[in-house]
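See structure below.
The values are calculated or read from the model by the stated rules, or taken from the named source; none is laboratory data. Keep in mind it's a predicted model, so treat the numbers as computed, not measured. Please note: Cβ atoms are built from the backbone with ideal geometry, for glycine as well, and neighbour counts cover all protein chains shown.
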Amino acid sequence: MTSARPTLVHSALAGPTVSQTLALPELDELMRLVDQGGTHLEHRQVGRVQVGEGEWPIHLVTLGSRDPDHPALGVFGGVHGLERIGAQVVLAFLHSLVERLAWDDSLHHLLSRLRLVLLPVVNPGGMWRGTRANPQGVDLMRNGPIEASAPVPFLVGGQRLSPALPWYRGRAGAAMETESAALCAVVEQELLGRPFSITVDCHSGFGLRDRIWFPYAHTARPIEHLAEMQALGRMMDRALRHHRYLLEPQSRQYLTHGDLWDHLYRLSLAQARPTMLLPLTLEMGSWLWVKKNPRQMFSRHGIFNPLIEHRQQRVLRRHIGWLEFLSRAALGHRHWLPLGAEREAAHEQALARWYQPRLGTSARQ
């Protein structure tokens, strides 16, 4: 499956959009932050999504170093329109950055050597419609050009039966959806040319605990940078001593077709210039919100988002701190990436931690 990558274009695109007549609070908040950030921020539209007779823009915000030899952190949200808390986490992180630009010398020092790339609302049409999929019924996280190497769960693993059913991948052989292609274009143009990048894709809707997933989703085999994931997890345990995140490969839960981050990670491995991309997916444990407020089960949004204000604020505070940690981890990656015998040891530890019960000795081959 192939698709044309949209070129990143300047924000001053002509023509009316849906948002001029129908409000989407997350986009309104994003535009307010762009205005407040002024010249510290770079803002571009990377796509437009048709919704009825109008269009929603897909906005990219970047700040920090433009030097391609400097590392980067990319933060993405709103891939699934129903999971609004994902977009709100990215916006809360951006809000924290914008508010500190006026006085925080340490932030400016970090930004002088680090690129930040934020795509807060990847799926504005789905967010406006209140659906997981985009307006064409396609689940963007099942839309990548990659096939699972083993059977996947029915429907959940991605299906081509009908857009009326959940987890629809799109037609076989069709180009990626506008939103998926825009996300991939941002990663390819902003991140893959750099020596080191971490990405975080913010979602909700799985279990009672916040999980951090890393590739692969299409196979139970370990990724090539397994030792680096182990080192990052170990550093997170030490620096964020009381965190409640569970770091694991997504394949421990289920396999899927079409995962965009599997696709982009594999692209990073094929780069002519040495580059390391560590993709993370934050899967916020929305079942905990339902457990504490069972009435949320009767609301489609309540299954995936904290509806009570103080719980939403608590969620945003917790994940802003984690994103701050990742920005510093990206900047200081040369100090914690394992090398030589240390890397071999970290690889073995990761196999025992995540794969040995499934793969046994075959994982070492």
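Regarding region 73-88, can at least one residue be identified that is modelled with pLDDT of 95 or more, more than 20 Å from the chain's Cα centre (by Cα) and buried (at least 19 other Cβ atoms within 10 Å of the Cβ)? Within region 73-88 (the criterion being modelled with pLDDT of 95 or more, more than 20 Å from the chain's Cα centre (by Cα) and buried (at least 19 other Cβ atoms within 10 Å of the Cβ)), the answer is no, since none of the residues qualifies. Is it true that some residue in region 127-148 is in contact (Cβ under 8 Å) with a residue 12 or more places away in the chain, over 22 Å from the mean Cα position of the chain (by Cα) and more than 9 Å from residue 258 (Cβ to Cβ)? Within region 127-148, none of the residues are in contact (Cβ under 8 Å) with a residue 12 or more places away in the chain, over 22 Å from the mean Cα position of the chain (by Cα) and more than 9 Å from residue 258 (Cβ to Cβ).
Run down 199, 178 and say which single residue is buried (at least 20 other Cβ atoms within 10 Å of the Cβ), over 19 Å from residue 270 (Cα atoms), polar (S, T, N, Q) and at pLDDT 95 or above. The match here is 178. Within region 100-110, identify whether any single residue is without any contact (Cβ under 8 Å) to a residue 24 or more places away in the chain, among the charged types (D, E, K, R) and touching a helix residue (DSSP H, G or I) at 6+ places or on another chain (Cβ under 6 Å), and answer yes or no. For region 100-110, residues without any contact (Cβ under 8 Å) to a residue 24 or more places away in the chain, among the charged types (D, E, K, R) and touching a helix residue (DSSP H, G or I) at 6+ places or on another chain (Cβ under 6 Å): present.
Every residue in region 226-267 that is surrounded by fewer than 20 Cβ atoms within 10 Å (Cβ to Cβ) and under 24 Å from residue 68 (Cβ atoms), please. Matches in region 226-267: 266, 267.
Yes/no matrix, rows are residues, columns are (1) over 15 Å from residue 229 (Cα atoms); (2) basic (Lys, Arg):
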{"position": "264", "(1), (2)": "yes, no"}
{"position": "272", "(1), (2)": "yes, no"}
{"position": "281", "(1), (2)": "no, no"}
{"position": "290", "(1), (2)": "yes, no"}
{"position": "297", "(1), (2)": "yes, no"}
{"position": "300", "(1), (2)": "yes, yes"}
{"position": "308", "(1), (2)": "yes, no"}
{"position": "312", "(1), (2)": "yes, no"}
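Going residue by residue through region 315-336, is there one that turns out to be farther than 19 Å from residue 208 by Cβ, charged (D, E, K, R), touching a Pro at 6+ places or on another chain (Cβ under 9 Å) and surrounded by 15 or more Cβ atoms within 10 Å (Cβ to Cβ)? No, region 315-336 has no match at all.
Residues checked against (1) at pLDDT 85 or above; (2) farther than 18 Å from residue 94 by Cα; (3) in a helix (DSSP H, G or I); (4) within 22 Å of the chain's Cα centre (by Cα):
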| residue | (1), (2), (3), (4) |
| --- | --- |
| 283 | yes, yes, no, yes |
| 290 | no, yes, yes, no |
| 295 | no, yes, yes, no |
| 301 | no, yes, no, yes |
| 310 | no, yes, yes, no |
| 313 | yes, no, yes, yes |
| 318 | yes, no, yes, yes |
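Total residues in region 1-41 satisfying the condition of being surrounded by fewer than 17 Cβ atoms within 10 Å (Cβ to Cβ) and at pLDDT 50 or above: the figure is 11. When the strands (runs of 3 or more DSSP E) confined to region 165-252 are screened for residues that are over 30 Å from residue 340 (Cα atoms), those reaching at least 1 such residues are found at 196-204.
Scanning region 243-265 for residues that are farther than 19 Å from residue 350 by Cβ and charged (D, E, K, R) yields 244, 259. Of all the listed residues (193, 207), the sole one being surrounded by fewer than 21 Cβ atoms within 10 Å (Cβ to Cβ), touching a helix residue (DSSP H, G or I) at 6+ places or on another chain (Cβ under 6 Å) and not polar (S, T, N, Q) is 207.
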